[in-house]
Amino acid sequence: LANNFIPLARPFVSDEEISAVTEVIKSGWWTTGPKVTEFEGRVAGYLGGGLYAVALNSATSGLFLALKVLGIGPGDEVIVPTLTFIASAHVVEWCGAKVVLCDIDRDSYNIDTGLIEKLITPRTKAIMPVHIAGYPCEMSEIIKISNKYGLHIVEDAAHAIGTEYEGVKIGNHGKAVVFSFYATKNLACGEGGMVVSKDIELIEKIRKLSYFGVNKQAFKRYEKSGSWYYEVEELGYKCNFDSIHAALGIAQLNKLDNLNKIRREIAFKYKEKLDSSIEVQKNSENHFHSYHLFSVKLPAFLDRDDTFNMLKEKNIGSSVHFIPIHKHPYYAAKFSDASFPAANSLYPRLLSLPLYPSLENREVEHVIESLNSIVRSKKI
Ligand SMILES: Cc1ncc(COP(=O)(O)O)c(C=O)c1O
C-alpha cells in the first residue's frame, strides 16, 4: 500500500466486458445498431418497464437534447442546484435559456426544495433535480411544485443508476431522466449516456436530433431490406451511441445491482469507522442510495486542501464534488447578487474518498486509518 496509489475511481472489468466488446469488434458493426437498441431496452427494463430510452454519447448530450426537445430556448429559465457538475448548467445556456441557481440542503447536498418556489417566475420552464452522489432528491416535493406551476422535470441522474426514491427507481419520476455511463460511473462504458421517459414521442424526437435530424435510423438504411434514401427534417446534432460502448454497458448492467451492493457496503464501513467529527451525506432508510460517490464534510479544524495533500502523501486519491456553479468565473458575475449559504458553507469542507467495487478491504482500511490519523493529528 505504501507504494500503490489508490485512485479516486477505477472501472470494474471482468472477462464478460472483454468478450462482449470483442464480439462486437468481430461482428463488423461498430456504430449505432442493434446492440445499442438492445442496451436501451435492457436499461428501460431494469428501471421497471413502461419507459422508453435513447442512448447517446454522453449524459451532457442527453440533458441538452431533452431541454431542446421540450422547447426550452431564449427567454426561458431553468432551475438548477448550484452544487453540481458544470454540465447541468452549461446545457441550459447552450439552449439560449437562463440558468437560475438554487441553494442546496445541508444534509442531503441535493437541491433545497423549500427554496424552489421563490425562484419561479413566469419564464420558468423546467426544474433540473440532480441526485448528487446517487442520493435521490425529494421527488414528491418537486413533482408537487412542477404540477402547481406547469414545469417540466428534467432529472440529471448522472450519478443515480439503481438509486431508488421511496422504493421506485430513479427514471420513473421526471419528464426526462438522464443517466451517465462515463468511466467512473456505477455503470461505466467509458463515455455514454441515456435519456429515459414515459413519453415515446419525446424519446423519438431526441433520437432524431441526436443524428442530424435524419428521419430514420442510419443502420436501417444499410440492412438488406433498407433503402439508401433519407431526409433531414431539422438542424440536428451528432451525439449517437455506438455498439462497442453498448456491449460494455450490457455487461455492466448484468452486474449493476451487485456492484451497487458492494459500493454500499464500503460506504457503510466508512460511516462506521471514520472519526465522528467527519460528517457524511444523509441517507434515509426510505430510499436506496447507490453511492456513486462518498463525499464527506470535514470538521472545521481540518483544512480541506491540506487534507487532500496529506491523503495524497499516503497514496490516496480524493477529490471535490463539486465546485458550486456560482463559483466558476463564467457564472460568478451572473450570480453576484445571489446568496447560497448552504453550498458556500459546505463547499470548503467537502472531500470525496475512493469508492468503487474493486476497492480492496485493505485499501478501505488504509483510507479510514489515514483520514482518522489526520483528524487525530489536528484535533485541538
Ligand atoms: C452531476 C453530473 N451531471 C452531468 C454529468 C455529465 O455526464 P457525461 O460525462 O456523461 O456527459 C456529470 C458527469 O460526470 C455529472 O457528474
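The values are calculated or read from the model by the stated rules, or taken from the named source; none is laboratory data. The shown structure was predicted, so the numbers you read here are calculated from the model rather than taken from an experiment. We place every Cβ from the backbone using ideal geometry, glycine too, and count neighbours over all the protein chains shown. Just the protein is used for accessible areas: all its heavy atoms, side chains included, with ligands, DNA and RNA removed. Shrake-Rupley method; radii C 1.70, N 1.55, O 1.52, S 1.80 Å.
A few notes on this one:
- Any hit, the range 343-359, residues being farther than 26 Å from Lys261 by Cβ and open to solvent by less than 30 Å² (accessible area, probe 1.4 Å): yes
- Candidates Ser61, Ser14 - the one that is open to solvent by less than 40 Å² (accessible area, probe 1.4 Å) and in contact with a Phe, Trp or Tyr (Cβ under 9 Å, 6 or more places away or on another chain): Ser61
- Considering the range 32-58, the residues that are within 16 Å of the ligand (Cβ to nearest atom) and among the polar types (S, T, N, Q) include one that is most open to solvent (accessible area, probe 1.4 Å), namely Asn57.
- The residue that is surrounded by the most Cβ atoms within 10 Å (Cβ to Cβ), among those in the range 89-111 that are touching a residue at least 12 places away in the same chain (Cβ under 8 Å) and acidic (Asp, Glu), is Asp103.
- Of the helices (runs of 4 or more DSSP H) lying entirely inside the range 178-291, those containing at least 3 residues that are away from the ligand (no atom under 14 Å from the Cβ) and modelled with pLDDT under 95 span 218-222.
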